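Here's the structure we're looking at; comments come further down.
The values are calculated or read from the model by the stated rules, or taken from the named source; none is laboratory data. None of these values were measured; they are calculated from a predicted model. Quick reminder, even Gly has a Cβ in these numbers, built from the backbone with ideal geometry, and neighbours come from all protein chains shown.
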Amino acid sequence: MEILLKKDVANLGYAGEIVTVKTGYALNYLVPQGFAAVATESVKKQHAETLRQRAHKEAKLVADAEALAAQIAAQTVKVAAKVSETGRIYGSVTAAQLAEALNAAGIAVDKKDITITSEEVKELGTFEAVVKLYKGIKAAFNFEVVAE
């Protein structure tokens with residue numbers, strides 16, 4: 001029996017997939033629990049249309065993310081920090097500071113999506129960070145820590 005999964009089911013498939021299972025498993029467990037619906041012809045047509053629309057939207061999101069990745073990769077962000085006499089900065093540079101600097105440059109990025117590749121940035125110099133933009137699309141950029 002073919003069913004359309006409404007939710008992810010372990011060892012069976014992901015939500016939105018049409019899979020074949022035994023009739024008893026489908027009618028006694030998956031359908032009553034709300035994990036699946038019986039895949040009739042109308043359900044299959046509706047599912048195909050949904051997939052087509054989702055693919056179109058997904059392609060646009062990927063294209064936008066790749067354009068933003070190219071824009072971010074071209075940036076060199078400067079972050080000002082207070083420096084001691086020995087050349088070390090007080091505290092360290094955080095993802096929040098990088099997000100603020102990118103936002104000032106006109107690129108809207110959330111601090112949760114930024115990962116600094118170095119362990120801790122506690123001195124002046126140039127370092128690298130990575131921004132996660134969309135599923136599998138990341139952009140690396142350089143940032144420079146300068147004295148305030």
Of the residues that sit in segment 89-99 and are without any contact (Cβ under 8 Å) to a residue 40 or more places away in the chain and surrounded by 15 or more Cβ atoms within 10 Å (Cβ to Cβ), which one is farthest from Ala59 (Cα to Cα)? Ser92
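Which of the residues spanning segment 118-148 are over 21 Å from Val83 (Cβ atoms) and either assigned to a strand (DSSP E or B) or touching a strand residue (DSSP E or B) at 6+ places or on another chain (Cβ under 7 Å) (or both)?
Residues satisfying the conditions are Val130, Val131, Lys132, Leu133, Tyr134, Ile137, Lys138, Ala139, Ala140, Phe141.
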Pairs only if they're at least six apart or on different chains, beta carbon under 9 angstrom, first in segment 120-148 and surrounded by fewer than 20 Cβ atoms within 10 Å (Cβ to Cβ), second part of a strand (DSSP E or B) and hydroxyl-bearing (Ser, Thr, Tyr); list them, first residue then second. Thr126/Thr76; Val130/Thr115; Lys132/Thr115; Lys138/Thr115; Asn142/Thr76; Asn142/Thr126; Glu144/Thr76; Glu144/Thr126
Check Lys7, Lys78, Lys45, Lys60 and return the single one that is closer than 30 Å to Glu119 by Cβ and basic (Lys, Arg). Lys78
Okay, strands (runs of 3 or more DSSP E) sitting entirely in segment 13-117 with 3 or more residues that are within 30 Å of Tyr134 (Cβ to Cβ) and in the same structural domain as Ala140 (by TED's automatic domain parsing), I get 76-81, 114-116
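Determine whether Ala36 is touching a helix residue (DSSP H, G or I) at 6+ places or on another chain (Cβ under 6 Å) and either surrounded by 13 or more Cβ atoms within 10 Å (Cβ to Cβ) or without any contact (Cβ under 8 Å) to a residue 40 or more places away in the chain (or both).
It is true that Ala36 is touching a helix residue (DSSP H, G or I) at 6+ places or on another chain (Cβ under 6 Å) and either surrounded by 13 or more Cβ atoms within 10 Å (Cβ to Cβ) or without any contact (Cβ under 8 Å) to a residue 40 or more places away in the chain (or both).
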